[in-house]
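To keep things clear, I will list the structure first and then write my remarks on it.
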Amino acid sequence: MTGHGTNATPSGQEGYVFPLALWTLAIIAVLLGAAFAAVSAANATFARLQDRDQALSDFQIAETQMLALLLTEPMGLSNLRVGGQLNLDPVSGGFGEGGEAVAAYGAPYLFDAAHGPVVVRLVAVNGLIDLQDEPVRAARALLMAQGHDRAEAEQLAARLGDFIDQDDLRRLGGAEADDYPDGQAPRNAPLSTASEACGALGWAETVSLCADPRLLDLYAFAGGANAMTSRLAPNHLLMRLLDDETAVRRARDALDDRNALVRFSDLGIEGLEGLEENSALPGPSFLIITHRPNAAFIQVTRIDLTMASYYKPYDVVFTHVIGGQTIEGVFNVELDDTLARLPQAG
């Protein structure tokens, strides 16, 4: 007999080795794919962080340029007058005339920075909802404009009033210390920024702007001496209060008419009667808003001019970086020839 049996492969061995090799290759492919995906994700994250760092660096430069204008150029009725001069007439004077205007109600201006274009805006906080002098009335008007019914708006406004005042007397619908859950309490002091209003009982859960309290600082103001005036209302506030682009355009046209005295009530915004002073000049507090044209996120810095010291003529109250669909939808701009460039300081 021949020895054919000594060279034969054991039964079933062929069906074992080949699938094992395939499985090994498949596992290697999966591992390589996962590693590639992880590296790609890491690279994408790094690119986004790098873009953000570059953007914030550019924002700082644009913000500094706007601040330089704010500190050196005369202020007109509703804008900086770059290259202009003060009207010294003792009766009608006291504000800037001539030169190139930079609106103090949030109009966009283009600034060419190192890593790309920046849109920069100046907003006098006089044009925002004033939660400083009469916070209950102002808050009620803002909340009703946001869609809260009168009863809910009055309750939330009363809670804000109790949150701020220093007594223990509960307003109708309000809330004092005993009503707050453990770990929370009324502020018992005036607000220093509008975002602090979100600490009042029920605001964080009910008021849409308190989903990110920093948003409230874009629409309302607290913490200084400013006389609210509709003349300086920025478009992003008008959109919140009117919720209609056509109505906002009509409102902007009416507010820009220097031959007419326009109040919030004339624009269809009720509840602010008696809280506004339309003869007031912009300031002394301002928001400087910077962003890329697509407005994926914005930087908001509040500057309070002090003029108390030659060495410190202003205070930086806060700097926020805010993103989200609300921001992008309101601040996005198209780069075209109609977008004015920010004038350069002296």
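The values are calculated or read from the model by the stated rules, or taken from the named source; none is laboratory data. This is a predicted model, so every value here is computed, not measured. Quick reminder, even Gly has a Cβ in these numbers, built from the backbone with ideal geometry, and neighbours come from all protein chains shown.
Restricting attention to the range 204-237, the residues that are aromatic (F, W, Y) and outside any helix (DSSP H, G or I) total 1. One residue stands out among those in the range 169-195 that are more than 22 Å from I129 (Cβ to Cβ), touching a helix residue (DSSP H, G or I) at 6+ places or on another chain (Cβ under 7 Å) and of a type in the set (D, E, K, R): the one that is surrounded by the fewest Cβ atoms within 10 Å (Cβ to Cβ), which is R170.
Flag: L342 matches the condition of being more than 19 Å from the chain's Cα centre (by Cα), crowded, with 19+ Cβ neighbours inside 10 Å and closer than 30 Å to A225 by Cβ. Where strands (runs of 3 or more DSSP E) sit wholly within the range 272-346, those with at least 2 residues that are at pLDDT 90 or above and of a type in the set (D, E, K, R) occupy 297-305. Could you check the range 192-208 and list, in sequence order, the residues that are in contact with a Phe, Trp or Tyr (Cβ under 7 Å, 6 or more places away or on another chain) and either among the β-branched types (V, I, T) or not assigned by TED's automatic domain parsing to the domain that holds D179 (or both)? The answer is T193, and nothing else. The residues of the range 196-222 that are buried (at least 21 other Cβ atoms within 10 Å of the Cβ) and touching a residue at least 60 places away in the same chain (Cβ under 8 Å), listed by number, are A197, V207, L209, L215, D217, L218, A220, F221, A222. Picking from residues in the range 251-293 that are out of contact with any Phe, Trp or Tyr (no Cβ under 9 Å at 6 or more places or on another chain) and among the polar types (S, T, N, Q), the one that is nearest to A139 (Cα to Cα) is S265.
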